[in-house]
Amino acid sequence: MNAQLKPLEADVARPACLMEITRTGARMDAVMEGIMWARLRRMRTRLQEALGNAEHGVIARSIHAIYEALPADRQARVLLSSEFCESYMALDAARKQRPEAGADAMAWDAESARNLCAIHDLVQREKALLDLASGSTSRYLLESRDWVVDSPVGDQLARKDVQGRWTLETPPMLGDCVAVDLHSKVARHHEPRSGVLSQPCLALDEAEQAVVLDKLSRALAGIDRAEPLYGLVIRNFVRRIVVRKSEESTPDVARRFGSEHVPRQPGSLRLLNIHHPELSVEACMESIMHESTHNFLAAWELANGFFVANDYQHRVVSPWSGNPIPNSSYIHAVFVYYVCHRLLKSHLAVADNIDAAARAHVHRRLAVCAAGFLIEQDLSSRLMSTQPLNADIGTMMDDMQADMKREYGYGRQQ
Amino acid sequence: MKDNRNMPKALSALTLLVIGSASAGAVMASEAPVASSALDQATAIVSLDDLAMAEFQANARANNLEALATGHHDDSIGSHHHHDIVKEPELNVEATRFNV
């Protein structure tokens, strides 16, 4: 494997490279590798920018010192974590908003301090886990009032026993490399605007945990079988799957299932109530792929720039949901539905033990995924941006639409 | 649709480095010295005063992309890419409004 040469095989600086996920061709390996390294370098630059701000003082000096004490692979884990991205974005937003905040300037100072401390904390956690792995309990752990301390990417944790001794543990892992987060502070966080994390947070019992892990494992195996490259997209671009249970599996409860990706938390996805036995492996496959595609696109955007400004005032009516959604979500949606359609179609072609109910479910979902593409209007013409867009974006959307119309025999003259 | 399912596939070298450091005995850095060396270069912070972010913003602007992250931290509805895994008749209306 040659990580330096692979990215050179694909021009990953242009949005057009993202079409490889729709083709699952030979260049996809190089595109994934290139996007990941570009994102890593961009995150390093973001940290560098935060540390170089003279106003960040002693905390920035301490972050820098701890970061420099980490080996390169641990530094990469910090930089690629959802937690780091979320904190630097908030720090960046506070820096830009403060000069015009007037009487609210103190609130933005507090936001800067809070997020700088969050970055300090996550760098310390990575260092503490590294030290513990080599037999040393750091001052950070000795002084911690927490009983469990997680790595920023969520794939490792330290637990304190009643004697105050800390030991390393690994959370459940999907495909040997994606953490399934059932219990952490991140998993139990209440987020009012989230469709998943605003729901009640109930504890999964042992049987429900087993159901969740088995279903996720079977879903990933199904994806690996149907489209092996999509299994790699998940393993490369998702480090943490947060699972929220908000309902008991009692017969009289109306079920609510959902999944979510948040742009400020790249590398994470959220699933709601997948412990319910009614939720099929096929539904879980689609959901994981849906959110992983968002993560793939978000990684490119973080490395190269966002497709569009996040303007929540100008919205596009989604041809899939009928909801008015921001341009950024709409562009993502075109990729997501195309990729999910490809996955489900391949699944039907290769799965040998799919039962009638699951087969009917997949056919329904194929129809839903395809429907948004089968409108007469060019998908790119629905974008509501007031700014000029990169030309690749509209071309990619219309190419996917044309491909889907060909597949379903929809001509322009119909 | 071209069938590429039988092509050889491998996990990214960067993913292996990142996940390897947290799993006992799974470090493969010694097997990929080139990747390891690239990692050193990609994560090292050698100067706090360089202009990398300014260059990034200029490049993004030139390509009609948005360099600024402001807004993506915003928690207004639409900042989350949410979808209902299955649309059941009894599904709560409050939940469906998040869908893309």
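Being in contact (Cβ under 8 Å) with a residue 40 or more places away in the chain and over 28 Å from B:Ser37 (Cα atoms): is that true of A:Leu70 here?
no
In the set (1) surrounded by fewer than 18 Cβ atoms within 10 Å (Cβ to Cβ); (2) part of a loop (DSSP other than H, G, I, E, B), A:Leu348 fails one condition alone, (2). Figure legend. Inter-residue proximity from region A:292-312: first residues at the interface with another protein chain (Cβ under 7 Å from one of its Cβ atoms) and farther than 14 Å from A:Ala16 by Cα, second residues crowded, with 22+ Cβ neighbours inside 10 Å and among the small types (Gly, Ala, Ser), beta-carbon distance below 8 Å, spacing 6+ or different chains. Indicated pairs: A:Val308/A:Ser328; A:Asn310/A:Ser328; A:Tyr312/B:Gly78.
Would you confirm whether any residue within region A:206-228 is of a type in the set (Asp, Glu), loosely packed, with under 15 Cβ neighbours inside 10 Å and not in a helix (DSSP H, G or I)? No, every residue in region A:206-228 fails to be of a type in the set (Asp, Glu), loosely packed, with under 15 Cβ neighbours inside 10 Å and not in a helix (DSSP H, G or I).
A:Ile241 fulfils the conditions (1) in contact with a helix residue (DSSP H, G or I) (Cβ under 8 Å, 6 or more places away or on another chain); (2) within 13 Å of chain B (Cβ to nearest Cβ) except for a single criterion, (2). Against the list (1) facing chain B (nearest Cβ under 9 Å); (2) at pLDDT 95 or above, the condition A:Met285 fails is (1). Just so you know, in region A:389-405 the residues that are facing another protein chain (nearest Cβ under 10 Å) and either at pLDDT 95 or above or in contact with a Leu (Cβ under 9 Å, 6 or more places away or on another chain) (or both) include one that is nearest to A:Asp11 (Cα to Cα), and it is A:Asp392. Yes or no: region A:270-284 includes at least one residue that is touching a Ser or Thr at 6+ places or on another chain (Cβ under 6 Å) and among the hydroxyl-bearing types (Ser, Thr, Tyr). No, region A:270-284 contains no residue that is touching a Ser or Thr at 6+ places or on another chain (Cβ under 6 Å) and among the hydroxyl-bearing types (Ser, Thr, Tyr).
Out of region A:79-138, which residues are in contact with a strand residue (DSSP E or B) (Cβ under 8 Å, 6 or more places away or on another chain) and crowded, with 16+ Cβ neighbours inside 10 Å? Passing the criteria: A:Ser82, A:Arg125, A:Ala128, A:Leu129, A:Leu132, A:Thr137.
Of all the numbered requirements in (1) hydroxyl-bearing (Ser, Thr, Tyr); (2) surrounded by 15 or more Cβ atoms within 10 Å (Cβ to Cβ); (3) free of Cβ contacts under 8 Å to residues at least 24 places away in the same chain, A:Tyr337 misses one, and that requirement is (3). Exactly one residue among A:Gln75, A:Gln48 is in a helix (DSSP H, G or I), at the interface with chain B (Cβ under 7 Å from one of its Cβ atoms), buried (at least 24 other Cβ atoms within 10 Å of the Cβ) and without any contact (Cβ under 8 Å) to a residue 60 or more places away in the chain, and that residue is A:Gln75. Among the residues of region A:175-199, those that are within 15 Å of the chain's Cα centre (by Cα) and of a type outside the set (Gly, Ala, Ser) comprise A:Cys177, A:Val178, A:Val180, A:Asp181, A:Val186, A:Val196, A:Leu197. Residues that are surrounded by fewer than 19 Cβ atoms within 10 Å (Cβ to Cβ), in contact with a His (Cβ under 6 Å, 6 or more places away or on another chain) and more than 10 Å from every other protein chain (Cβ to nearest Cβ) do not occur anywhere in region A:183-193.
Can A:Leu18 be described as part of a helix (DSSP H, G or I), more than 9 Å from every other protein chain (Cβ to nearest Cβ), crowded, with 18+ Cβ neighbours inside 10 Å and modelled with pLDDT of 95 or more? Here the answer is yes, as A:Leu18 does meet what is asked. Within region A:100-127, the residues that satisfy the criterion of being away from chain B (no Cβ under 13 Å) and over 22 Å from A:Pro266 (Cα atoms) are A:Ala101, A:Gly102, A:Ala103, A:Asp104, A:Ala105, A:Met106, A:Ala107, A:Asp109, A:Ala110, A:Ala113. Only a single item in (1) more than 30 Å from A:Val281 (Cβ to Cβ); (2) outside any loop (DSSP other than H, G, I, E, B) is not met by A:Val339, and it is number (1). If you go through region A:246-268 and keep only what is part of a strand (DSSP E or B) and at pLDDT 95 or above, you end up with just A:Ser268.
If we scan region A:80-94, do we find a residue that is more than 7 Å from chain B (Cβ to nearest Cβ) and farther than 20 Å from A:Asp150 by Cα? Yes, region A:80-94 contains at least one residue that is more than 7 Å from chain B (Cβ to nearest Cβ) and farther than 20 Å from A:Asp150 by Cα. For region A:319-333, the criterion of being surrounded by 22 or more Cβ atoms within 10 Å (Cβ to Cβ) and not in a helix (DSSP H, G or I) is satisfied by at least one residue.
Do any strands (runs of 3 or more DSSP E) lying entirely in region A:116-202 carry at least 2 residues that are out of contact with any Pro (no Cβ under 7 Å at 6 or more places or on another chain) and over 17 Å from A:Ser81 (Cβ atoms), and which ones are they?
A:157-160, A:166-169
Among the criteria (1) touching a strand residue (DSSP E or B) at 6+ places or on another chain (Cβ under 6 Å); (2) touching a residue at least 12 places away in the same chain (Cβ under 8 Å); (3) closer than 20 Å to A:Glu260 by Cα, the one A:Val368 does not fulfil is (1).
The values are calculated or read from the model by the stated rules, or taken from the named source; none is laboratory data. Bear in mind that the values here come from a model prediction, so they are computed numbers and not experimental data. We place every Cβ from the backbone using ideal geometry, glycine too, and count neighbours over all the protein chains shown.
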